[in-house]
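Novice: Sharing a structure below in structure tokens format, with a few things to ask.
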Amino acid sequence: MFYHRFIVLTCLLAFAVILLGAYTRLGDAGLGCPDWPGCYGHLTVPASEEHVADKRYLDQRALEPEKGWKEMVHRYFAGSLGLAILAITVWSWVRRRDDPDQPVWLPTLLLATVVFQAALGMWTVTLLLKPIIVMGHLLGGFATFSLLVLLALRTAPRRPVVVRNDWRIAGIFGIVILVGQIALGGWTSSNYAALACTDFPTCQGSWVPDMDFDEAFVMWRGLGVNYEYGVLEHPARTAIHVTHRIGAVVTLAYLVWLVIGVWRNVSALSGAAMLVGVLLLAQVSLGIANVLLHLPLGIATAHNGVAALLLASLINLNFRLWQRPH
């Protein structure tokens, strides 16, 4: 079915956008273009400052073509994703005329999400990498990808076998806990706190380093502040980093319990459960590697990508846990 295949391809495109967004953010290229949706007033990145038509942009930020291209490639892919989702939404409503079971509200919600995500992308630039906006943009990307995965599961030609189980609520809690941990990861990244601790399992050689929780989680600090490279003092960044580590421990413990429980009690879903387990272990390993190797760009980007795959695997597991007979 071409409709379903197109949705799957759009899932892959959304995953690519997540990776490109992480690569742009972690490569300190989030302000590579000081305007939106173009770059220094152009649809491509100017080759040099002499090619910038409106010199007022140069007063905001000196041109760095390498960073500008990272930002613009991300925008090109994100724009293509938006057009693909628009096509899926229109296509879904057209198909509804002949198929009363065709989902239409999920694609419509997906379209609304990607429109809001575009606004967050604009505000990320215009509000100078404000952490709450950057974190929201990250979560918006994950939400877009998750809704696409769910739509792909719902439109698959063959529906999974219905299984009787008592793990539905536990599965939902797994998603809630993982999304909370992803949000903490976004807050850590947007506040440049990933390297606040460079040792593991201790932090700065201590189990209880100097931390400032009062400043660490202030969500709004007013307008006109440039947040590139962060504005927090080291104790506040340490508090964010340590909180993310605690969240990782909680997430790991809960999801390991969930995976083992489903694997042992719902044999039909053992494969789906084990996929969650494998991605979970990969994600924890990448997180530890980020600390010990001092946040190499490739591993840090992979950490974002595996987080998205882990969330997708949990959505798949929950979809099958909640599958009911027609």
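The values are calculated or read from the model by the stated rules, or taken from the named source; none is laboratory data. Computed from a predicted model, the values in this text were never measured in an experiment. Cβ: placed from backbone, ideal geometry, glycine included. Neighbour counts: every protein chain shown.
Novice: Got a sec? Which of Gly21, Gly68, Gly32 is in contact (Cβ under 8 Å) with a residue 24 or more places away in the chain, assigned to a helix (DSSP H, G or I) and touching a strand residue (DSSP E or B) at 6+ places or on another chain (Cβ under 8 Å)?
Specialist: Exactly one of Gly21, Gly68, Gly32 is in contact (Cβ under 8 Å) with a residue 24 or more places away in the chain, assigned to a helix (DSSP H, G or I) and touching a strand residue (DSSP E or B) at 6+ places or on another chain (Cβ under 8 Å), namely Gly68.
Novice: Quick one: how many residues across the range 211-263 are surrounded by fewer than 21 Cβ atoms within 10 Å (Cβ to Cβ), among the basic types (Lys, Arg) and part of a helix (DSSP H, G or I)?
Specialist: Here the count works out to 1.
Novice: Residues that are in the same structural domain as Leu110 (by TED's automatic domain parsing), without any contact (Cβ under 8 Å) to a residue 40 or more places away in the chain and assigned to a helix (DSSP H, G or I): does the range 140-149 have at least one?
Specialist: Looking for residues that are in the same structural domain as Leu110 (by TED's automatic domain parsing), without any contact (Cβ under 8 Å) to a residue 40 or more places away in the chain and assigned to a helix (DSSP H, G or I), one finds at least one in the range 140-149, hence yes.
Novice: Further question: Go through the range 139-154 residue by residue and tally those that are under 10 Å from the mean Cα position of the chain (by Cα), surrounded by fewer than 21 Cβ atoms within 10 Å (Cβ to Cβ) and hydrophobic (A, V, I, L, M, F, W, C).
Specialist: So the count comes out to 2.
Novice: Further question on the same structure: Could you count how many residues in the range 310-323 are in a helix (DSSP H, G or I) and either farther than 15 Å from Thr251 by Cα or among the small types (Gly, Ala, Ser) (or both)?
Specialist: Number of matching residues: 9.
Novice: Which residue, of Leu127, Leu153, is in contact (Cβ under 8 Å) with a residue 12 or more places away in the chain, assigned by TED's automatic domain parsing to the domain that holds Phe6 and more than 30 Å from Leu232 (Cβ to Cβ)?
Specialist: Just a single option satisfies the conditions, and that option is Leu153.
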